[in-house]
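Below is one structure; the comments refer to it alone.
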Amino acid sequence: MPTLDQGSVPASEQLFARAKAVTPGGVNSPVRAFNAVGGTPRFMREAKGAWLTDVDDNRYVDLVCSWGPMLLGHAHPEVQAAVQAAVARGTSYGTPTVPEVELAEEIVARTPVEEIRLVSSGTEATMSAIRLARGFTGRDVVIKFAGCYHGHVDALLASAGSGLATFAVPGTPGVPASSTELTLVLPYNDRAAVEAAFAEHGERIACLITEAAPGNMGVVPPGSVDGRGFNGFLAEICRRHGALFISDEVMTGFRATREGAWGLDGKHEGWTPDLMTFGKVMGGGFPAAAFGGRAEVMQTLSPVGPVYQAGTLSGNPVATTAGLATLRLATDEVYAHIASAAETVKAATSEALTRAGVAHVVQAAGTMFSVFFTDTPVTDFATASTTDVAAYAAFFHAMLARGVYLPPSAYEAWFLSSAHDDDAIGAILAALPEAAQAAAEASNTSREVVR
Ligand SMILES: *Cc1c(COP(=O)(O)O)cnc(C)c1O
């Protein structure tokens with residue numbers, strides 16, 4: 001522990017001030033800064049099971065779970081033992097190792113991918129999948145959906161152009177127009193927009209990338225029309241035009257279900273993506289991610305094929321050991337427990353908000369869910385954006401004050417783990433009524449301001 005003033009200023013505030021002096025915004029990933037909800041981010045010093053402990057000794061039930069990875073809860077004893085044993089054998093060799101083969105085998109066994117390449121972050125996985133799709137097809141255009149996040153890849157940090165089927169503009173300074181001028185950004189769940197894009201640019205489209213069930217604008221499930229799911233529609237239209245369908249399961253993989261979001265649609269509808277990306281849960285809390293897919297496509301990758309891709313720490317023995325231990329422990333019972341805990345929290349949250357008169361929509365994809373503070377059904381980024389962020393901020397802080405750590409942004413999924421037992425769920429349920437009341441008050445205030 002760093003030396004801290006024993007005065008009345010909370011340790012998190014002291015640390016945040018120090019952090020801001022040496023790191024932009026005091027954080028190493030923007031959403032951690034609490035900008036969307038206001039206030040000082042809590043610096044955590046320890047986590048065990050479903051609970052986080054901050055540097056001021058406050059305890060919180062964790063509904064973020066490191067943004068998804070901690071499927072088994074924090075510091076799971078068996079994962080910890082496997083990691084400690086791995087560390088004792090040395091932390092990186094720069095050679096092939098046993099756990100990376102076993103992790104690849106585990107992923108191939110659970111998903112429709114035939115071959116996999118390990119990398120260190122979800123960003124690297126999607127960036128590499130797109131390069132591979134372009135190399136394999138010899139085409140250059142990429143389609144993505146507004147509100148879907150695929151990491152901070154230049155070509156995917158794009159905003160829609162001036163009309164449908166027009167090329168995108170950079171979504172942030174620092175991304176040159178030349179990096180997004182081959183990207184088309186379409187509204188999610190909009191089949192007509194996808195058809196129009198393929199009609200106009202079909203010959204040039206290398207791939208379409210989508211979150212398998214978007215979670216980065218809050219959870220927005222792929223819609224179904226006449227029993228035909230949106231992902232199945234995308235897989236089919238890509239196939240028809242010779243483009244690759246990339247399903248980004250960095251968040252949903254091994255989380256939404258045992259087989260990810262694909263276990264909710266493709267498995268039953270009988271289609272498979274050409275490429276898939278994974279991360280978060282498969283690293284068991286360490287930096288590990290992957291992209292994989294059809295053998296024919298993956299064989300285009302170096303060293304067997306011409307498309308270059310590499311990584312000094314890819315398949316790191318400690319990270320792959322943690323991921324492998326996590327996936328091996330993630331049994332059907334684990335998913336059943338998380339699903340039932342999610343049902344309890346969803347129902348109680350909805351009931352508390354209804355009682356307080358707060359408009360809301362709860363949406364789920366398998367065990368992942370989120371709560372939108374709106375009365376509009378959420379099907380895409382435009383409808384997700386109707387969420388009342390002031391009401392969410394008040395709700396968030398009321399929950400935090402009562403020992404529940406929600407995502408510090410209204411546009412995120414809530415994550416549970418197999419360690420969320422009756423104690424942890426009870427603490428969440430106890431905090432809800434007053435937090436719902438706080439949301440109601442903030443929501444009324446913000447409406448008055450708008451009037
Ligand atoms: C988190 C996430 C990424 C990026 O992963 P990082 O490890 O943060 O680079 C990519 N795609 C999706 C769907 C994600 O949720």
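The values are calculated or read from the model by the stated rules, or taken from the named source; none is laboratory data. Everything numeric here is computed off the predicted structure, so don't read it as measured data. Cβ placement follows ideal geometry from the backbone for every residue including glycine, while neighbour counts extend to all protein chains displayed.
A few remarks follow.
- Selection of first residues in the range 239-260 that are touching a residue at least 24 places away in the same chain (Cβ under 8 Å) and of second residues that are assigned to a loop (DSSP other than H, G, I, E, B) and basic (Lys, Arg), restricted to Cβ pairs under 9 Å at least 6 apart or on distinct chains, gives the following pairs, ordered by first then second residue: Gly242/Arg139; Ala243/Arg139; Leu244/Arg294; Glu249/Arg255.
- Test: residue in the range 21-30 that is within 16 Å of the ligand (Cβ to nearest atom), assigned by TED's automatic domain parsing to the domain that holds Gly426 and buried (at least 16 other Cβ atoms within 10 Å of the Cβ): yes
- Residue within the range 10-24 that is modelled with pLDDT of 95 or more, closer than 23 Å to His420 by Cβ and in a loop (DSSP other than H, G, I, E, B) present: no
- Being at pLDDT 95 or above, of a type in the set (Phe, Trp, Tyr) and surrounded by fewer than 23 Cβ atoms within 10 Å (Cβ to Cβ) is a property that does not hold for Phe245.
- Residue within the range 326-334 that is of a type outside the set (Gly, Ala, Ser), modelled with pLDDT of 95 or more and in a loop (DSSP other than H, G, I, E, B) present: yes
- Only a single criterion out of (1) touching a residue at least 40 places away in the same chain (Cβ under 8 Å); (2) farther than 15 Å from Ile143 by Cβ; (3) of a type outside the set (Val, Ile, Thr) is not satisfied by Ala177, namely (1).
- In this structure, Tyr188 does not satisfy being at negative phi, within 12 Å of the ligand (Cβ to nearest atom) and in a loop (DSSP other than H, G, I, E, B).
- Only one of the numbered conditions (1) assigned to a loop (DSSP other than H, G, I, E, B); (2) in contact (Cβ under 8 Å) with a residue 24 or more places away in the chain; (3) away from the ligand (no atom under 16 Å from the Cβ) is not met by Pro69, and that is (3).
- Filtered residues of the range 248-265 (kept if surrounded by 24 or more Cβ atoms within 10 Å (Cβ to Cβ) and not aromatic (Phe, Trp, Tyr)): Asp248, Glu249, Val250, Met251, Thr252, Gly253, Arg255, Ala256, Gly260, Ala261
- Residues that are at pLDDT below 95 and of a type in the set (Ser, Thr, Tyr) were ranked within the range 173-186; the one that is farthest from Asp154 (Cα to Cα) is Ser178.
- In the range 98-182, counting only helices (runs of 4 or more DSSP H) that sit wholly within it, the ones holding 2 or more residues that are within 13 Å of the ligand (Cβ to nearest atom) span 122-137.
Rundown of residues vs (1) β-branched (Val, Ile, Thr); (2) free of Cβ contacts under 8 Å to residues at least 24 places away in the same chain, yes/no style:
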| position | (1), (2) |
| --- | --- |
| Leu234 | no, no |
| Gly263 | no, no |
| Thr272 | yes, no |
| Arg294 | no, no |
| Val304 | yes, yes |
| Gly311 | no, no |
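- Complete set of residues in the range 227-265 that are part of a helix (DSSP H, G or I), within 15 Å of the ligand (Cβ to nearest atom) and farther than 14 Å from Arg191 by Cβ: Ala261, Trp262
One line per residue, one yes/no per condition, for (1) surrounded by fewer than 20 Cβ atoms within 10 Å (Cβ to Cβ); (2) assigned to a loop (DSSP other than H, G, I, E, B); (3) among the charged types (D, E, K, R):
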{"site": "Thr379", "(1), (2), (3)": "yes, yes, no"}
{"site": "Ala382", "(1), (2), (3)": "yes, no, no"}
{"site": "Ala391", "(1), (2), (3)": "no, no, no"}
{"site": "Ala394", "(1), (2), (3)": "no, no, no"}
{"site": "Ala398", "(1), (2), (3)": "no, no, no"}
{"site": "Pro407", "(1), (2), (3)": "no, yes, no"}
{"site": "Tyr411", "(1), (2), (3)": "no, yes, no"}
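- Unique match (being buried (at least 21 other Cβ atoms within 10 Å of the Cβ), in the same structural domain as Leu406 (by TED's automatic domain parsing), more than 13 Å from Phe254 (Cα to Cα) and of a type in the set (Gly, Ala, Ser)) among Ala365, Ala352, Ala348: Ala352
- Of all residues in the range 141-165, those being more than 20 Å from Ser128 (Cα to Cα), touching a helix residue (DSSP H, G or I) at 6+ places or on another chain (Cβ under 9 Å) and of a type in the set (Ser, Thr, Tyr) number 1.
Residue-by-condition table, conditions (1) within 16 Å of the ligand (Cβ to nearest atom); (2) assigned to a loop (DSSP other than H, G, I, E, B); (3) buried (at least 19 other Cβ atoms within 10 Å of the Cβ); (4) acidic (Asp, Glu):
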{"residue": "Met276", "(1), (2), (3), (4)": "yes, no, yes, no"}
{"residue": "Met282", "(1), (2), (3), (4)": "yes, no, yes, no"}
{"residue": "Gly292", "(1), (2), (3), (4)": "yes, no, yes, no"}
{"residue": "Gly305", "(1), (2), (3), (4)": "no, yes, no, no"}
{"residue": "Ala310", "(1), (2), (3), (4)": "no, yes, no, no"}
{"residue": "Val318", "(1), (2), (3), (4)": "no, no, yes, no"}
